[in-house]
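Trainee: So that we are looking at the same thing, I have put the structure below in structure tokens.
The values are calculated or read from the model by the stated rules, or taken from the named source; none is laboratory data. The model shown is predicted, which means the values in this text are computed figures rather than measured ones. Please note: Cβ atoms are built from the backbone with ideal geometry, for glycine as well, and neighbour counts cover all protein chains shown. Quick note on the areas: whole protein, heavy atoms, side chains included, nothing else; ligands and nucleic acids left out. Shrake-Rupley method; radii C 1.70, N 1.55, O 1.52, S 1.80 Å.
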Amino acid sequence: MTRAVVATTLMFLLSTSSALAAESTWDVLERFGLTGTWSATCGEPATASLFHVIFSKGADGLARREIDFGAKSIYATFVDSAEMISPSMLKITVRNADPKFEKHNNKTFWIVLIKENDPRTKALRIRYFQSITTDGRTAVKDGTNLRFGKPSPWAYKCRSAMS
């Protein structure tokens, strides 16, 4: 291998890793395909039991996650960090930031999402694979919702994020 090829390869690798290191949380969410509105029931209005989750970029440039429970009841959270574990797995840190959460306001969660194309419809879908609060409470482990003892539900992309 010539010195020029080695030098070019090295410069490419360094520029790529520094570009990834400079990625914002929003950039990672976009690269993973998480931006926009997600729900188990895209064709239905949001309700307390069939809520919609909206990943958007705030005017301040920060990544937001809003939970729409219907009837003009939207709860605000922030995605403080995001890291792609693999092309199909994303680890995010989400912080509740809305007084409507009451005693759960300011609670932080470490969440791992898994995505795939639905084998039947080919539509993109995601679900919780892990969800742990920073105080150590596990809600989802290995794709199972521990409260209900069932697999966490799949959410489908209802629409893309609005810029």
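Trainee: Distance check, please: which entries in Lys115/Lys157; Lys115/Lys141; Lys91/Lys115; Lys91/Lys141; Lys72/Lys100; Lys72/Lys107 exceed 19 angstrom between their Cα atoms?
Mentor: Lys72/Lys107
Trainee: If you don't mind, there's one more thing I want to ask. Give the accessible surface of the chain per residue, rounded to a whole number of Å², with probe radius 1.4 Å and ligands, DNA and RNA excluded.
Mentor: Here the per-residue accessible area is 62 Å².
Trainee: Lys and Arg at +1, Asp and Glu at -1: add these up for the other residues within a Cβ distance under 9 Å of Met84 and post the number.
Mentor: +1
Trainee: Enumerate the calculated ³J(HN,Hα) couplings along segment 31-38 in order (Karplus 6.51 cos²θ - 1.76 cosθ + 1.60, θ = phi - 60°), each rounded to whole Hz, writing x wherever the residue is Gly or Pro.
Mentor: Working through the residues one at a time gives 4, 6, x, 8, 5, x, 10, 10 Hz.
Trainee: Okay, next question. How far apart, in nm, are two points set 7 Å out from the Cα along the Cα-to-Cβ line at Ala22 and at Asn105?
Mentor: Placing both labels 7 Å beyond Cα along the Cβ direction yields 3.8 nm.
Trainee: Also, I was wondering about something else. Could you give the alpha-carbon Rg of segment 24-92 over 2.2 N^0.38 Å, rounded to two decimals?
Mentor: 1.15
Trainee: Now for a separate question. I'd like the distance between the alpha-carbon centres of segment 103-129 and segment 19-89, rounded to an integer number of Å.
Mentor: Cα centroid of segment 103-129 versus Cα centroid of segment 19-89: 10 Å apart.
Trainee: If I take the Cα coordinates of the chain and project them onto the principal axes, what are the three extents in Å, biggest first?
Mentor: 64, 38, 34
Trainee: Nearest 20 debye, what's the magnitude of the dipole of segment 15-163 about its Cα centre given +1 on Lys and Arg Cβ and -1 on Asp and Glu Cβ?
Mentor: Rounded to the nearest 20 debye, it is 420 debye.
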